[in-house]
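Working notes, structure below.
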Amino acid sequence: MSPRPQPGREYVLTLSCPDQAGLVHAVSGYLVRNSGNILESQQFDERLQGRFFMRVHFDVSDPDTDVKNLRDRFGPVAEAFRISWTLRDASTPTRTLIMVSKFGHCLNDLLFRWRTGALNIEIPAIVSNHREFEELAGTYGIPFHHIPVTKDTKADTEARLMELVRELDIDLVVLARYMQILSDDLCKQLEGLAINIHHSFLPSFKGARPYQQAYERGVKLVGATAHYVTPDLDEGQIIEQDVVRVDHSLDPDELVTVGRDVEAQVLAHAVKWHSESRVMVDGNRTVVFR
Ligand SMILES: Nc1nc2c(c(=O)[nH]1)N[C@@H](CN(C=O)c1ccc(C(=O)N[C@@H](CCC(=O)O)C(=O)O)cc1)CN2
């Protein structure tokens, strides 16, 4: 596990723009002018659309350099090359609200990874439409918000969720087996900021009860997919996937059990990479600088 970045000294710049000569030169020149030293740099040239993607993790030696003047000074470079970009302090934890329903294996896994320092996140709240994991939240000292959902109360539920997102300055919402479909409006408000773990290897077996679907199809692999949440159910940009081998001897309940570990690991990878600004959305796809 790489050492935790130093506050106010390490930054991550992500960018995408029309591909053109001179981009790397422009970025490296900007870094040199700002006492920047590259710690990690990755880039991808998406040739079909002619788009360039880059992620640079760097430190600065000038004590007077901070995120504000770094951002101010990148503005002219961005304008010259029509760059969409983000620049953040690499040490700042991602404020993450986790949502769960009745299956808690992914929540439990994220909490342990957070507590052991494997994820650079903070968890100001856990939200659930059930109370199964209120005690678990309490063991970690994390506020638990029970927000029941019915067809008649869905709008109020989502309004309460957005209140929490704003009040707690949430950067990322994680649906850790939260089994309610979010409205189009809520998806638009959380565009690129909500990650769901779907318990199948998408695009196979979208929607509810994917393990039942897998059993009926007689598959020899089951899997999990972490993706951004969009209005189209389980159609969001895929961030990470993995599979595990199964066979004819497993019934649907046993497939559910076998799938838990791969779901938890796939979601943890997606949360880690998103929190480290390693995931960039490219239309219906993602570029992941792992
Ligand atoms: N707008 C979106 N909402 C959600 C997404 C998404 O991609 N877009 N992912 C789901 C998670 N999910 C599968 O991974 C899923 C959740 C819920 C359902 C479903 O049919 N839910 C029923 C109620 C079920 C219940 O009460 O137990 C419903 O909402 O009517 C299917 C798939 C999370 N949300």
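Below are the figures for this structure:
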{"quantity": "Out-of-range pairs (alpha-carbon distance over 23 Å; input Lys102/Lys206; Lys102/Lys220; Lys151/Lys206; Lys154/Lys188; Lys102/Lys154; Lys102/Lys151)", "calculated": "Lys102/Lys220"}
{"quantity": "Region 1-126 - accessible surface per residue (Å², probe 1.4 Å)", "calculated": "50"}
{"quantity": "Cβ-based charge dipole, region 62-152, positive-most Cα from Trp114, Asn129, Gly141", "calculated": "Asn129"}
{"quantity": "Glu235-Arg73 FRET efficiency (beta carbon distance; Förster radius 35 Å; 0.05 resolution)", "calculated": "0.35"}
{"quantity": "Long-range HN-HN contacts of Glu46 with modeled amide H, under 5 Å", "calculated": "Arg51, Phe52, Phe53"}
{"quantity": "Burial ranking of peptide ranges 146-152, 31-37 (average Cβ count within 10 Å, highest at the top)", "calculated": "31-37, 146-152"}
{"quantity": "Point-charge dipole on Cβ atoms (K/R +1, D/E -1) for the chain, about Cα centre, debye to 20", "calculated": "380"}
{"quantity": "Paramagnetic label zone (point 7 Å from Cα along Cα-to-C-beta, Gln42; backbone N under 15 Å) in region 57-73", "calculated": "57-58"}
{"quantity": "Stretchable slack from Asp62 to Asp169, in nm (0.36 nm times residue separation minus alpha-carbon distance)", "calculated": "35.6 nm"}
{"quantity": "In Å², nearest 10: area of Asp234 left accessible to a 1.4 Å probe", "calculated": "20"}
{"quantity": "Dipole magnitude of region 127-250 about its Cα centre (Cβ charges: Lys, Arg +1; Asp, Glu -1), debye to nearest 20", "calculated": "500"}
{"quantity": "Estimated distance in nm for a label pair at Ala159 and His130, the labels positioned 7 Å out from Cα along Cα-to-Cβ", "calculated": "2.7"}
{"quantity": "Whole-percent carbon and sulfur share, accessible surface of the chain, 1.4 Å", "calculated": "50"}
{"quantity": "Nearest-10 value in Å² for the accessible area of Glu216, using the 1.4 Å probe", "calculated": "130"}
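The values are calculated or read from the model by the stated rules, or taken from the named source; none is laboratory data. Computed from a predicted structure; not experimentally measured. Positions of Cβ are generated from backbone atoms using ideal geometry, with glycine treated the same way; all protein chains shown enter the neighbour counts. Surface accessibility is based on the protein's heavy atoms, side chains included, excluding ligands, DNA and RNA. Shrake-Rupley method; radii C 1.70, N 1.55, O 1.52, S 1.80 Å.
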